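To start, the structure itself, in structure tokens.
The values are calculated or read from the model by the stated rules, or taken from the named source; none is laboratory data. Please read all numbers here as calculations on a predicted model, not as lab measurements. Every residue, glycine among them, receives a Cβ derived from its backbone with ideal geometry; neighbour counts consider all protein chains shown.
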Amino acid sequence: MNSLEELITLIQDELGIAVTADDAGRSLDEIPGWDSVHLLWLVTVVERRTGRPASLPDLLEARDIEGLYTVLEGA
């Protein structure tokens, strides 16, 4: 991931969830339509696009999109 905006676009395009930059700090539980299956799908998409593994345990600890980005940025 090159930017938080890229992750937001990926969530919109690949997962079909209508999120914006304003949602980046919201708890994932508060984002309409988000569930744990989306996280698994997101990991798959990110790994396919970057060619690098993402840490599922670290992603499971993320509470918001910003947290997901922080983990993915280090992947």
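Residues are listed down the side, and each one gets a yes or a no for (1) touching a residue at least 24 places away in the same chain (Cβ under 8 Å); (2) over 18 Å from residue 19 (Cβ atoms); (3) touching a Leu at 6+ places or on another chain (Cβ under 9 Å):
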{"position": "33", "(1), (2), (3)": "no, no, yes"}
{"position": "36", "(1), (2), (3)": "no, no, yes"}
{"position": "46", "(1), (2), (3)": "yes, no, yes"}
{"position": "51", "(1), (2), (3)": "no, yes, no"}
{"position": "60", "(1), (2), (3)": "no, yes, yes"}
{"position": "64", "(1), (2), (3)": "yes, no, yes"}
{"position": "69", "(1), (2), (3)": "yes, no, yes"}
{"position": "72", "(1), (2), (3)": "yes, no, yes"}
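Based on what the data block shows, is residue 37 assigned to a helix (DSSP H, G or I) and closer than 13 Å to residue 1 by Cβ? Give the derivation first.
Values: assigned to a helix (DSSP H, G or I): yes; closer than 13 Å to residue 1 by Cβ: no.
Considered against the rule, which asks whether it is assigned to a helix (DSSP H, G or I) and closer than 13 Å to residue 1 by Cβ, residue 37 comes out as no.
Take residue 67 and decide whether it is modelled with pLDDT of 95 or more and either in a helix (DSSP H, G or I) or closer than 17 Å to residue 2 by Cα (or both).
Against the criterion (modelled with pLDDT of 95 or more and either in a helix (DSSP H, G or I) or closer than 17 Å to residue 2 by Cα (or both)), residue 67 qualifies.
Quickly run through the stretch 18-34 and pick out the residues that are part of a helix (DSSP H, G or I), touching a helix residue (DSSP H, G or I) at 6+ places or on another chain (Cβ under 8 Å) and exposed (fewer than 15 other Cβ atoms within 10 Å of the Cβ).
21
Looking at (1) free of Cβ contacts under 8 Å to residues at least 60 places away in the same chain; (2) in contact with a Leu (Cβ under 8 Å, 6 or more places away or on another chain), which one does residue 1 not meet, given that it meets all the others?
Evaluating residue 1 over (1) free of Cβ contacts under 8 Å to residues at least 60 places away in the same chain; (2) in contact with a Leu (Cβ under 8 Å, 6 or more places away or on another chain) leaves (1) as the failure.
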